[in-house]
Ligand SMILES: C[S@@+](CC[C@H](N)C(=O)[O-])C[C@H]1O[C@@H](n2cnc3c(N)ncnc32)[C@H](O)[C@@H]1O
């Protein structure tokens, strides 16, 4: 989908993006796991000191790199790399980030928990994790519900990648079970309902 991704999701992302850009400070180092073609990355990049985008799919990273190249802006400090966000390969440099962004990755990875564990390892002590994810387990119009069930069935038979049908409550339970603190939570009822949630580590007593 790499080549058609932006065209297909551009309008939806125009409404999501402010959730990620509004709390940024120029001093920040930001990493996005599962950045895809960079729909959220590119509005973030000019606002921060350093940006790293990570995706497992070489085609998605190629699209993101092409967009970066077209900008030809030496003031931007950004790079896109191919890596599995559920593995510790990311932590080789031991670099920590003020914000870790996860947009629409948790519902399609084998282990959402492993990706959250990596996000945790990448986080500075006062940093936060910003998540937006489709929740296919919420109530949807019949057409989209059927589409989602079909995708879920195909994933079970190995015909396509994983598709979790999370409810809003499932996502909340997942992060609370991992002992994250929820700083902000907004749920959106759209064609495919989605949740925005901001997490930090629990304060140590
Ligand atoms: C639905 S797309 C979302 C892309 C982007 N975050 C956005 O919202 O436009 C999910 C992305 O997660 C990537 N992905 C899936 N599993 C991954 C993994 N284990 N590590 C890194 N990226 C992964 C896919 O290649 C894909 O680009």
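Quick notes
- Ordering 99, 191 from the fewest to the most neighbouring beta carbons within 10 Å gives 191, 99.
- Between 183, 71, 19, the residue with the greatest mean-square fluctuation in the GNM of the chain (Cα pairs under 10 Å linked by springs) is 71.
- Fully extending the segment from residue 114 to residue 159, taken as 0.36 nm per residue of separation minus the present Cα-Cα distance, adds 13.9 nm.
- Anisotropy class of the range 5-201 from Cα gyration tensor, a/c 1.5 cut: prolate
- Footprinting exposure proxy ranking of 11, 17, 189, fewest other C-beta atoms within 10 angstrom first, gives 11, 189, 17.
- When the convex hull of its Cα atoms is viewed from all sides, the range 118-166 shows a mean projected area of 4.7 nm².
- Among 180, 51, 157, the largest mean-square fluctuation in a Gaussian network model of the chain (Cα springs under 10 Å) belongs to 157.
- Antiparallel bridges, percent of DSSP beta bridges restricted to the chain (to nearest 5): 40
- 29, 8, 149 arranged by Cβ crowding within 10 Å, fewest neighbours leading: 8, 149, 29
- Gyration tensor (alpha-carbon) shape descriptor, the range 1-104, a/c threshold 1.5: rounded
- Cα gyration tensor category, rounded, prolate or oblate, for the range 66-142 with a/c compared to 1.5: oblate
- Measuring nothing but how far apart in sequence close Cα pairs (under 8 Å, 6+ apart) lie, relative to its length, the chain scores a relative contact order of 17 percent.
A short reminder: the numbers here are calculations on the coordinates, not readings from a lab. Only a predicted model underlies this, so the values are computations on that prediction, with no experimental measurement involved. Because the Cβ atoms are built from the backbone with ideal geometry, glycine has one as well, and the counts that use them run over all protein chains shown.
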